[in-house]
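Only one structure is covered here, and it is reproduced in the block below.
The values are calculated or read from the model by the stated rules, or taken from the named source; none is laboratory data. All of these numbers come straight from a predicted model, not from anything done at the bench. Here the Cβ positions follow ideal geometry from the backbone for every residue, glycine too, while neighbour counts run over all protein chains shown. Keep in mind that these areas ignore ligands, DNA and RNA; they rest on the heavy atoms of the full protein, side chains included. Shrake-Rupley method; radii C 1.70, N 1.55, O 1.52, S 1.80 Å.
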Amino acid sequence: MDSTSLFYALDLVSGAGLTLSSEQKAALKTSLIILQKNYKFQRVLFWGKILGITGDYFIAQGVTDDEMRDKKTLYSLNCMDWNLLPPPTDEMTAYVNIAAIGRFIGDPSHEYEYTETRRFGEGDEAQEEDIMIKVTEEKRLATTVARIDQEVSVVPRGAYIKNPHGTVQKNRSFEGLSFGEAGKLSNYLHFSEPKQPRKLSILVTAESDPCKDFLDRLSEDLPKGSWSIQFERGSSVCVLRSLLWLGLSFFHIPETPQHGYIYMGPGLKNLDLPFML
Amino acid sequence: MKPAEEDKQTDQMATCLKAFMLKTSTKTNLNLYDHLTRLLHKILDERPENAVDVFEDMSREVKRGLMQEKQGALRDAPFSSAQQDLAELQRILFASRQGEQGDQEEELVEAPIPNVAELAFYLEQAGVGMDKDEMQRIFLALKHLVDTQPLQHCRFWGKILGTEANYLVAEVELREDEEDEEGAEETANEEEKEPNEEEEGGEVLEVVDPLPKSTHQSPPVVPKEENHTGANKYTYFVCQEPGLPWVKLPSVTPAQITIARQIRKFFTGCLSTPIISYPPFPGSEANYLRAQIARISAATQVSPLGYFQFGEEEGDDDDDGARASFEENPDFEGIPVTEMAESLSTWVHHVQHILIQGRCVWVNLAAKPEDNFEEDGDEEEKDEEPDEPEPEVGPPLLTPLSEDAEVNNTSPWSLGLSSALIPQFAISTLRSNLWPGAHAYARAKKFDSIYIGWGMKSTNYKYGFSPTTVPMAQAEYPSGPEITEALDPTLEEEQALKAALEEQRAAQEEAEGLEDEEEDD
């Protein structure tokens, strides 16, 4: 969520139990402005908090030109000193997936080790070789943030448009979803590169606007029911919670352009989702 | 060309253009000239920054403004949104009872309303909790509960998130006389049900040919713990939103706890939802919710070491060491915050551990079956069961958290200090890693724990949750050699057999021949 709106919007998504203390809020208010100046960001987003065993990571993102693609992620342990996270590569993601198991520790230099025993040949001639994979927690953090963004970041339909140059920008004239629309999952989009080929019915595509509908809809997510959609605060705020990444909350106040998402959780994907529905 | 003529021509062109711009659109009945006039008026009135950039938006706004006037011809149908309904419901929370001042003063002393405002204040420092507005509503809702129910003690337990609605949970102790009546009703109902089922079964047997009877002997049911003891020490009320009615949860049975340990299901927010799972869960979502609340309470309700102490009398009654009650220690001075934020041994559990059996106090089941199941087919079970099963013993009450076992190579608790900058006034915070969402705080004599989460224990981080597999289907008949299909013999085998048989026959004939000869002799 936008760092400028953080201080009233945080209350709207704190229904899931986690929030920031006054001290942290005050610190963020100061440090994010300095961050914006130092890195020359157009906007700074407060992305959320990842809980570790001994310490928590606070994550912020800076946006430069393209709202969706030109993002830089930074982390901090004390809400004041920010460090840039490396952009995740495919190799890094693969290693993290194998080696980094369990909860985050809270120490960016902590190394996860994984020894893989590979076998060559078959039967009695098989030879075993140990391969040691080491990944630092900083890298894990980078891939986790990128993965959460890829899988569960949300925007309401129409809040962002793709302009003729192909860059994604805020839609100035977005006035919010109506109350009726806000209750439907199909009016919310993944704010990440669309991955699945379009399989929508002709009826739906006839109404779609290529300038607004360039993203994947949440209603197409599998398994069905991986989102919880509720009206809170006396039905004035629509809150979406991801059941795949427990801890991700999104809010939108219908009929206003205010929306945002935040992740506050352990940074673990809920692999048990199919059993839990 | 003369200037006058030129002017005339320009004028004419301008009129032409104006006429073009004044052409009314057949679709919207607007014309460009008026539209531009209005738009320029609007821009000059409002003087927006970078007007050229937002020109399109403003144009659209002007057009929309014109459209809206026309739509006003029809009156809106009265529209009642969920928002309005809820506001109506929540109005009772804010109704102050004037004119009953005398009563109110008495109630102020008696009513056991928990101080949610204080709880919210401390939790916020720990980075936990809901926004102030919601907390205030919960506060009022709890007051409403205390006003309407005969309660001895009331505490805000926490919030359980569901997929469609959430539950706010209040932990209460009913006044004893009230509870006994209700308890009596419940047991009476249960007793009534059972004989009916047996009767029906009996009729069927008389009418139809005796059906094969199942030899399955269900294991003895672990008896439920009485109200005010063990896992049923407190009663729980839940409501979905402040202002909606509070619903009392049924008391929990050991079977529900043991099955709840084996399944993982999201709550939906509707208490009557059936729980579809394997192993089958005995009850609906209300029972599941109650079982999870019991498990979470037992695992995560903590207090500073020394705040509670065992009463002297209690200790003598039970020599097992499983003392079930404790009292506040009047001499407790409070432990320094920095110490509490560093050492887990300064925190203790003050809710009884739930044993594998699903009860807090172990009950010997082996003694009972003899009374209840004196039918045939009991022998096998008796043989299998040890004569005197080893009693399950959990950690006693007020065990320090440092004794808690590590699960999944992760420490079960995370300690912290609310503020690194002003440690003098900070509070010590505790976060459960086993039950994500369970938090506790302490500062001097103040402490409390709360749970806000999905009601799920953390699972194995590597492999996730592995559900119990359904057992193999029972065979319809015992398999034996007479019904198993044999392989057809190959040609060689057949020939070998034939040869063997012939050889045998030849040998026999020979033998017979010999015998004949002997007889002849």
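Computed quantities for the displayed model
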read-out: Complex-versus-alone comparison for segment B:264-285, residues with a loss of 50 Å² or more in accessible area, probe 1.4 Å; value: B:ARG264, B:PHE266
read-out: Karplus-derived HN-Hα couplings along segment A:8-25 (A = 6.51, B = -1.76, C = 1.60, θ = phi - 60°), whole Hz, x at Gly and Pro; value: 10, 6, 4, 4, 6, 9, 7, x, 7, x, 10, 8, 10, 7, 4, 5, 5, 4
read-out: Solvent-accessible surface ranking, highest first, for B:TYR236, A:TYR114, A:TYR39 at 1.4 angstrom; value: A:TYR39, A:TYR114, B:TYR236
read-out: Check: segment B:381-512 dipole with +1 on Lys, Arg Cβ and -1 on Asp, Glu Cβ, in debye; value: 2840
read-out: CD proxy at 222 nm, helix term only [per DSSP H run n ≥ 4: -39500 (n - 2.57); per residue of chain A; nearest 500]; value: -7000 deg cm²/dmol
read-out: Unit charges at the beta carbon, dipole of segment B:22-69: most positive-side option, B:SER59, B:TYR33, B:LEU22; value: B:LEU22
read-out: Interchain or long-range residues, amide H under 5 Å from A:VAL237's placed H; value: A:GLU232
read-out: Shape call, segment A:1-107: gyration tensor on alpha carbons, a/c limit 1.5; value: oblate
read-out: Share of carbon and sulfur in the accessible heavy-atom surface of chain A [1.4 Å probe, %]; value: 52
read-out: Choice from A:LEU74, A:LEU222, A:LEU85 with maximal GNM fluctuation in chain A (Cα, 10 Å cutoff); value: A:LEU222
read-out: Accessible surface, per residue, of segment B:22-69 when the full set of protein chains is kept, probe 1.4 Å, Å²; value: 79
read-out: Accessible surface ranking that places the most exposed of B:TYR122, A:TYR263 first, with a 1.4 angstrom probe; value: B:TYR122, A:TYR263
read-out: Principal-axis tilt of helix A:137-152 within chain A, Cα atoms, nearest 10 degrees; value: 40
read-out: Chain A, relative contact order in percent, only Cα pairs under 8 angstrom and at least six apart counted; value: 17
read-out: Reachable lysines from B:LYS248, criterion Cα separation under 23 angstrom, eight or more residues apart if same chain; value: B:LYS143, B:LYS159, B:LYS193, B:LYS224, B:LYS233, B:LYS265
read-out: Segment B:22-69 - percent of accessible surface contributed by carbon and sulfur, probe 1.4 Å; value: 52
read-out: C-alpha center-to-center spacing [segment A:43-114, segment A:1-34] in angstrom; value: 18
read-out: 16 Å Cα-Cα reach of A:LYS170 towards lysines, excluding residues that sit fewer than 8 places from it in its own chain; value: A:LYS71, A:LYS162, A:LYS212
read-out: Heavy-atom accessible surface that A and B bury in contact, both chains counted, 1.4 Å, Å² to 100; value: 3600
read-out: Residue mean of other protein chain beta carbons inside 10 Å, A:7-17; value: 5
read-out: Values of log10 I(q)/I(0), in the order q = 0.24, 0.29 Å⁻¹, for segment B:22-69 under a Debye, Cα-only, solvent-free model; value: -0.90, -1.14
read-out: Other-chain or far-sequence residues with amide H under 5 Å of A:SER192's (modelled H); value: A:ASP216
read-out: Inter-chain shielding of A:265-275 (mean C-beta neighbours from other protein chains, 10 Å cut-off); value: 5
read-out: Longest site-free stretch - chain A; sites: GluC sites (Glu not before Pro), DSSP loop, at most 14 other Cβ within 10 Å; value: A:1-121
read-out: Within 10 Å of each Cβ in A:140-148, the average number of Cβ atoms from other chains; value: 0
read-out: Karplus (6.51, -1.76, 1.60) ³J(HN,Hα), θ = phi - 60°, over segment A:260-277, in Hz, Gly and Pro reported as x; value: x, 10, 8, 10, 9, x, x, x, 10, 7, 7, 6, 8, 3, x, 7, 9, 8
read-out: Square roots of 5 times each gyration tensor eigenvalue, C-alpha, chain A, largest first, Å; value: 33, 25, 19
